[in-house]
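Structure record follows, encoded as structure tokens.
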Amino acid sequence: MACWAYALVMIMMGGPVRKRKAVALEVQDKLLVRPLEQADIPSIIAIDARIAGAPKPEYWRHKLAQYVTQHDAPGEPGNGVLARAAVIDDKLVAFMIGGVRRWEFGQPASGWITSLAVDPDWQKMGIGRRLLAELLAYYREQELPEVRTIVDWVDADLLRFFHSMGFVRGPYVELQKLL
């Protein structure tokens, strides 16, 4: 049976696709999105290790300590950092880090997504969309004209996710030189 026909039959019969949607709706009811906390760092290291295949604890401890500190610091609105955790039943299942970059390469201020990761066991349930929606709302409040991120060309799932959220190829070309 053709793949599309199988999917259609499964939808009509209430198979995996319908079941996944029901689970996703239940997840959304339980989902809590909150600022990242220092205590989240071990969970973030574990999620990243599952996705990337290798743990990078020193990288995440350094990076996240910086974002958690900046988030907690008082100051003007739009201090440039937005770091959020997605939690279900007191378990961190996803995280997102963004920021505002101003005047890099002569461009006006823009929002950036520097990290967005959902534990593989919790993917395709709308959690990444919820985190991204919150980040986009923050950037709209800051009256930023655009949001950018960088995605590896071979990461088809992540590219599909961002395309589904309205992202298109931007105006820059990455350059590198092997040493």
Filter pass, Ile51 being modelled with pLDDT of 75 or more and surrounded by fewer than 17 Cβ atoms within 10 Å (Cβ to Cβ): yes
Subset of the range 122-179 that is over 19 Å from Ala85 (Cα atoms) and either part of a strand (DSSP E or B) or among the β-branched types (Val, Ile, Thr) (or both) - its residue that is modelled with the lowest pLDDT: Val173
Qualifying positions in the range 77-121 - closer than 13 Å to Arg148 by Cβ, among the small types (Gly, Ala, Ser) and assigned to a loop (DSSP other than H, G, I, E, B): Ala109
Of all residues in the range 65-86 being surrounded by 18 or more Cβ atoms within 10 Å (Cβ to Cβ) and β-branched (Val, Ile, Thr), the one that is modelled with the lowest pLDDT: Val81
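The values are calculated or read from the model by the stated rules, or taken from the named source; none is laboratory data. Computed from a prediction, not measured in an experiment: that's the story for all the values here. All Cβ positions, glycine included, derive from the backbone under ideal geometry; neighbour counts span all protein chains shown.
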